[in-house]
Amino acid sequence: MNISFEDKRILVTGAASGIGRGITLRLSQFGATVVAIDVENESLDILKSECASIITATLDLSNWESVQETINNLLPIDMLVNCAGVVEVLPLTDITEDSYQRLFDVNVKGLISITKHIVADLLARKQPGSIVNISSQASQAGLLNHTIYSATKGAVDAFTRTLALEVGPKNIRVNCVNPTVVMTPLGRKAWSDTNARYSMLAKIPLQRFAEIEDVVDAVVFLLSNKSGMITGHCLPVDGGFLSC
């Protein structure tokens, strides 16, 4: 499949590590001018050293005013990948107000804030666009001790569907990708316990966790004009976990 993002400016949040890093590098390979957003300045510097064409900006997505100021200085943006997110795996009785606030501030408020400004610019310029949000299988299936995280990702799914309805007539597509466990460095560490690992794998028909490239491939497809008739969808990249 021949995909090119020449002459496109694509913003990726959470771009300095894990899935976001993989998406950023792939989009650069496909000719995009990638604007990489992350809270970790040092990690952004490393990313920039690997691909000099990447534009980087440090941003705390939980700060609504900072998001507005930063994004206004980076416009125009043609496409958006909302990849930034935080996770905390705790039983409900151990959740604090701070942990609740942290998850919703980044996973929901930050995503909505950055999307708002980019959609407003696309509408003002009367330009088409494509947005992909990174959600999770946890939005659609109960996972032990994921109550607050699952709630944030359920919000992402609902936001995706509703925004797709709102901006579809303006030729702006909005989709999300819902991965299973992904073998990022953090994912490998989190699922290093043999019992927990095999308990989850037993629920996945393909009997493996996702690699970063599995998610990157889905994101690239949904961003591209090869998915030009697809909007409002939440695409599981889960080896069949949600289907069986």
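Quick look at the values:
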{"read-out": "Candidates Asp45, Asp60, filtered to the one that is surrounded by 12 or more Cβ atoms within 10 Å (Cβ to Cβ), among the charged types (D, E, K, R) and over 17 Å from the mean Cα position of the chain (by Cα)", "value": "Asp45"}
{"read-out": "Only one of Asp157, Asp193 that is touching a helix residue (DSSP H, G or I) at 6+ places or on another chain (Cβ under 8 Å) and acidic (Asp, Glu)", "value": "Asp157"}
{"read-out": "Test result for Lys116, without any contact (Cβ under 8 Å) to a residue 24 or more places away in the chain, in contact with a helix residue (DSSP H, G or I) (Cβ under 9 Å, 6 or more places away or on another chain) and of a type in the set (Lys, Arg)", "value": "yes"}
{"read-out": "Whichever residue in segment 68-100 is more than 21 Å from Leu186 (Cβ to Cβ) and without any contact (Cβ under 8 Å) to a residue 24 or more places away in the chain and, among such residues, is surrounded by the most Cβ atoms within 10 Å (Cβ to Cβ)", "value": "Glu69"}
{"read-out": "Top-ranked residue in segment 134-162 [being in a helix (DSSP H, G or I) and touching a Cys at 6+ places or on another chain (Cβ under 8 Å); ranked as nearest to Trp191 (Cα to Cα)]", "value": "Ser139"}
{"read-out": "Residue in segment 169-182 that is under 24 Å from Tyr100 (Cα atoms), out of contact with any strand residue (DSSP E or B) (no Cβ under 6 Å at 6 or more places or on another chain) and surrounded by 13 or more Cβ atoms within 10 Å (Cβ to Cβ) present", "value": "yes"}
{"read-out": "Residue in segment 160-168 that is among the acidic types (Asp, Glu) and touching a helix residue (DSSP H, G or I) at 6+ places or on another chain (Cβ under 7 Å) present", "value": "no"}
{"read-out": "Members of segment 34-73 found to be of a type in the set (A, V, I, L, M) and in contact with a strand residue (DSSP E or B) (Cβ under 7 Å, 6 or more places away or on another chain), listed by number", "value": "Val34, Val35, Ala36, Ile37, Val39, Leu44, Leu47, Ile54, Ile55, Ala57, Leu59, Leu61"}
{"read-out": "Only listed residue being out of contact with any helix residue (DSSP H, G or I) (no Cβ under 6 Å at 6 or more places or on another chain), modelled with pLDDT of 95 or more and more than 28 Å from Ile230 (Cβ to Cβ), chosen from Asp121, Asp78, Asp105", "value": "Asp105"}
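The values are calculated or read from the model by the stated rules, or taken from the named source; none is laboratory data. Owing to the predicted nature of the structure, the values given are computational and were not obtained by experimental measurement. A quick note on method: Cβ atoms are made from the backbone with ideal geometry, for glycine too, and the neighbour counts reach across all protein chains shown.
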